[in-house]
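Have a look at the structure below, then the notes.
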Amino acid sequence: MDNQFLVSLTEKYGSPLYVYNASVIENQYTRMMNAFSSVKNVKLNYAVKSNTNLNVLKVLKNLGSGSDCVSVQEIKLCLAAGFDVKDISYTPNGVSFEEIAEAKELGVKITLDNLSILEKFGNAFPNAPVSLRINPHIMAGGNAKISVGHIDSKFGISVNQVEEIKAVLAKTGTPINGVHMHTGSDISDASAFVQAMEVLLGVAEQFNTIEFVDLGSGFKVPYKDGDYATDLEELGKVLGASFNAFCTKYGKELNLIFEPGKFLVSESGSFLAKVNVIKQTPNITFAGIDSGLNHLIRPMMYDSYHKVRNVSNPNGPKKEYNVVGYICETDTFASNREISEISEGDILSIENAGAYCFSMASNYNSRYRPAEVLIVKGKDYLIRERETFEDILKGQILIDSL
Ligand SMILES: *Cc1c(COP(=O)(O)O)cnc(C)c1O
């Protein structure tokens, strides 16, 4: 997005500010659908947790996307955004049976990842179909916190427990309508997908009621220049051929589902923050912005790299900075980073801020969560107002006798 335009948005809506560009989301969606066009029935279920703004959900719904939810609240957000209930999937991990029952009553598609829950579900809802999240025991993912398909992961039912699954189904009669996996975020090795899919298809062929195969996500997007990104077109060719061959063998045209979050929305977002202070220490020049780990925690939590640009002075001479927040602990957005010369009052843009940024924001240090803006066809719309002190007080109860 144009630097001057970004600066003008902070003048109009204040700082810090999340800005998303709908056309980037549209391009990513189309690119992914095209990559898998060799498969007859492909569906994308947007992973809602990456960005839960109702308008972002609507943009994706209008493109034909379904949604993938990990909580009953996310399901309700999708319903509020106008998703048809049949296009909503629910893939919880470790939630209560009561919540799963609530999702079932709402009518969404359910994927279970625990044998005890599978049995409870079968007893409570006789003959209701479910799909199973299988752990294929593949190590993949950008870092340990987001690698979720390895042998010691809490996610999925082990691929080694298929006989136990069958024993439960023998008791409950539950039809299995799909198999699911999600091996982790930020997978840079495309062969991991193919390998894991083969394992999953090995499970699918043991059930005769399968309608879909859900390969989850983990599609990587570039965060810095020269970064490896998933080669989607190549992956589409290889996976598509393998999947089509399986459908022929299985004797049915199955649906192929993906659940991208980051891939669809990450690059659409910029997080704009104003530089409050420049501080020169013996070794480091700090640029302190009016934000912190309360608004964008990925660099601190996952050591993620986010590009930082000085949109107020894009052509200034490059200097090295540590970009830090205002939270009372070390919250570093970027270290030893070459950025166009920064002055107090400049607006910095932190890139790739569309996924897992606002949705992970908090009120730590009793700060307000930022406003959000969506650009649609070049026009800016405020899609979430900045919080106020009322929001900080909300829900607190004073004890009268204190
Ligand atoms: C988080 C999640 C996704 C999305 O992962 P991305 O890396 O954002 O694409 C997909 N499926 C499930 C079940 C998830 O929990």
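Would you tally the residues in segment 346-363 being part of a strand (DSSP E or B) and open to solvent by 30 Å² or more (accessible area, probe 1.4 Å)? Break it down stepwise before answering.
Taking segment 346-363 first, the residues part of a strand (DSSP E or B) are 347-351.
Narrowing further to those that are open to solvent by 30 Å² or more (accessible area, probe 1.4 Å): 351.
Residues flagged as part of a strand (DSSP E or B) and open to solvent by 30 Å² or more (accessible area, probe 1.4 Å) within segment 346-363 amount to 1.
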For residue 46, only one of the following conditions fails: (1) assigned to a strand (DSSP E or B); (2) at pLDDT below 95. What is its number?
(2)
If you go through segment 326-341 one residue at a time, how many are more than 24 Å from residue 5 (Cα to Cα), assigned to a loop (DSSP other than H, G, I, E, B) and not aromatic (Phe, Trp, Tyr)?
5
Pairs needed: first member in segment 36-54, assigned by TED's automatic domain parsing to the domain that holds residue 236; second member anywhere, open to solvent by 30 Å² or more (accessible area, probe 1.4 Å) and part of a loop (DSSP other than H, G, I, E, B); C-beta distance under 7 Å; at least 6 residues apart or different chains.
40/253; 41/253; 49/70; 50/356
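Considering only residues that are part of a loop (DSSP other than H, G, I, E, B) and surrounded by fewer than 16 Cβ atoms within 10 Å (Cβ to Cβ), which ones fall in segment 369-395?
Going through segment 369-395, the residues part of a loop (DSSP other than H, G, I, E, B) turn out to be 369-370, 377-378, 385-388, 394-395.
Once the filter is applied, which keeps residues that are part of a loop (DSSP other than H, G, I, E, B) and surrounded by fewer than 16 Cβ atoms within 10 Å (Cβ to Cβ), segment 369-395 yields 377, 378, 385, 388, 394, 395.
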Which numbered condition residue 320 misses (of (1) without any contact (Cβ under 8 Å) to a residue 12 or more places away in the chain; (2) outside any loop (DSSP other than H, G, I, E, B))
(1)
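For segment 262-275, give me each residue that is in a helix (DSSP H, G or I) and of a type in the set (Ser, Thr, Tyr). Can you show your working first?
Initial filter on segment 262-275 (in a helix (DSSP H, G or I)): 262-268.
Of everything in segment 262-275, those that are in a helix (DSSP H, G or I) and of a type in the set (Ser, Thr, Tyr) turn out to be 266, 268.
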Just to verify a result, which residue in segment 233-261, among those that are within 16 Å of the ligand (Cβ to nearest atom), modelled with pLDDT of 95 or more and outside any strand (DSSP E or B), is farthest from residue 333 (Cα to Cα)?
259
Condition test on residue 278, is it farther than 27 Å from residue 9 by Cβ, open to solvent by 10 Å² or more (accessible area, probe 1.4 Å) and assigned to a strand (DSSP E or B)?
no
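Given the criterion surrounded by fewer than 17 Cβ atoms within 10 Å (Cβ to Cβ), touching a residue at least 12 places away in the same chain (Cβ under 8 Å) and more than 16 Å from the ligand (Cβ to nearest atom), identify the matching residue among 366, 291.
On the way: 291 fails: surrounded by fewer than 17 Cβ atoms within 10 Å (Cβ to Cβ).
Sole residue among the options that is surrounded by fewer than 17 Cβ atoms within 10 Å (Cβ to Cβ), touching a residue at least 12 places away in the same chain (Cβ under 8 Å) and more than 16 Å from the ligand (Cβ to nearest atom): 366.
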So the check is Cβ under 8 Å with 6+ separation or different chains; which pairs have a first residue in segment 249-263 that's under 30 Å from residue 358 (Cα atoms) and a second one that's of a type in the set (Val, Ile, Thr) and at pLDDT below 95?
262/221; 263/221; 263/230
Taking residue 49, is it surrounded by 18 or more Cβ atoms within 10 Å (Cβ to Cβ) and touching a strand residue (DSSP E or B) at 6+ places or on another chain (Cβ under 9 Å)?
no
Condition first: closer than 27 Å to residue 110 by Cα, away from the ligand (no atom under 16 Å from the Cβ) and touching a helix residue (DSSP H, G or I) at 6+ places or on another chain (Cβ under 6 Å). Can you find one or more residues in segment 211-232 that meet it?
no
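The values are calculated or read from the model by the stated rules, or taken from the named source; none is laboratory data. Keep in mind it's a predicted model, so treat the numbers as computed, not measured. Glycine also receives a Cβ, built like all others from the backbone with ideal geometry; neighbour counts cover every protein chain displayed. Heavy atoms of the whole protein, side chains included, go into the accessibility calculation; ligands, DNA and RNA do not. Shrake-Rupley method; radii C 1.70, N 1.55, O 1.52, S 1.80 Å.
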